[in-house]
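*Asks:* Sharing a structure below in structure tokens format, with a few things to ask.
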Amino acid sequence: MNRSQKIIITILSILAISLAIGLGIYSYQLYQSVAFQPLGPLLPAGAKDLPPTWTASPGPSPTSMGSVTLAPTVSFTTNTPAPRCNGPALMNVLVVGADTRGDNYTYGLADAIRVVRVDFITPKVTVLEFPRDLWVEIPHIEDNLDGQDHEKLNQAFLYGQPGFKYWDDPSEGSGLLALTLNKNFGVQIDHYITVNMRTFVNIVNAVGGIDVNIPDKETSRTADLPVGENHLSGAEALKLVRNREGGTFERADNQSLVICALRKKLTSPSVVTQIPELIESFQDNVRTDFTPEQLSQLACLGTQMPPQNIQLVSFPSEHFKQTRTFDPVFDKRISILDADFDILREYVAQFQAGTWPTTSSDLTDEETEEDTPIICE
């Protein structure tokens, strides 16, 4: 090899190395721009702040009613472990199951409403169900309803959707529902995920269906399934979560059975490696403000989560009363759930602080089994 050939090879090598470095930098910058870019509109300001008029209830707290055991709210522990999976210490997520039947989100009520508290340090996930029939104040709707500012909680989602568009925020129904929960109950929400009925069916089918365990005859009656293990397709799982047999609280229990079954399937060895592909394939059908990086953090945490650290809880049914009220929108009396919102705010505050729910082993003599959470096994 003569001198000229050596010079040419050297120049080509330098060019190749420069090109590789340039491509590496470009790829990294591209990953950074994509990985940290929200997949949908962010929540509006105020969704995770306490309303300026909200104060703690001066009346009896759930503790004084024998419903909740409070842990100390001040801790002097040092050397707190770092959050797992590079996530934040805590995250509150609004999860909405919309009853839209098509692929769009033009209309639709919030058929299922859950607030998920994700603790990246413990790690632990706690899921709180909000009854859809609570009569609540909904911001931004009164100008469109001749001064009417109260409706059922599930309608907050509907009125924010493009079909009604009673406000102009890009977060649409998910954002308006988040504001409504914040205004009425002090719920502080960081992110949201909304899934319509067709997407739910497709997700369950994509993982090969789910195995739901019906524990007893009473649940069997309300779920319309035999006692024991039942393998359900997406359509069958949807039928179970929407089953109205037994009433509001039984329906919530049926939804919890499906949530536990889906959690178990998504963390199984055969499916967990497919989660990135599942996220990508349903990206256009799920409404969320998560970034791909944050979804990866959640997927990572799911693989490290002990089953007993996933708890599903509802407000004790003793605090609710089925009643009727006149609704000017429908010009008739409608069925709603009535409750003392001061009491519900106390529960929410303790839920967000991580001091409620308690486990069955923590129950005092005054507390009831109704206060214990469902634990996904």
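Every number in this text was worked out from the coordinates using simple rules, so none of it is lab data. The structure displayed is predicted, hence computed values, not measured ones.
*Asks:* Per-residue HN-Hα couplings for segment 286-291, Karplus 6.51 cos²θ - 1.76 cosθ + 1.60 at θ = phi - 60°, whole Hz, x for Gly and Pro?
*Replies:* Once rounded to whole Hz, the list reads 10, 8, 7, 9, 5, 8.
*Asks:* Around ILE193, which amide H atoms from residues at least 5 apart in sequence, or from another chain, sit under 5 Å from its own amide H, with H modelled in the peptide plane?
*Replies:* LEU94, VAL95, VAL96
*Asks:* Quick check: Cα centre of segment 149-199 to Cα centre of segment 234-292, how many Å?
*Replies:* Centre-to-centre (Cα) distance: 20 Å.
*Asks:* Can you list the HN-Hα couplings for segment 173-178, worked out from phi with the Karplus curve (6.51, -1.76, 1.60; θ = phi - 60°), rounded to whole Hz and with x for Gly and Pro?
*Replies:* Rounded to whole hertz, the list is x, 4, x, 5, 5, 4.
*Asks:* Here's something else I'd like to know. Express as a percent, rounded to the nearest 5, the fraction of DSSP beta bridges in segment 86-375 (both residues included) that run antiparallel.
*Replies:* Taking every DSSP beta bridge with both residues in segment 86-375, the antiparallel ones total about 75 percent.
*Asks:* What's the extension gain from PHE282 to ASP49 if we count 0.36 nm per residue and subtract their Cα-Cα distance?
*Replies:* Contour length minus the Cα-Cα distance gives 80.8 nm.
*Asks:* Stokes-Einstein diffusion coefficient for segment 86-375 at 20 °C in a medium of 1.002 mPa s, Rh from the Kirkwood formula over Cα pairs: what value in µm²/s? Working shown, then result.
*Replies:* Working: Rh = 19.8 Å.
In µm²/s, the coefficient is 108.
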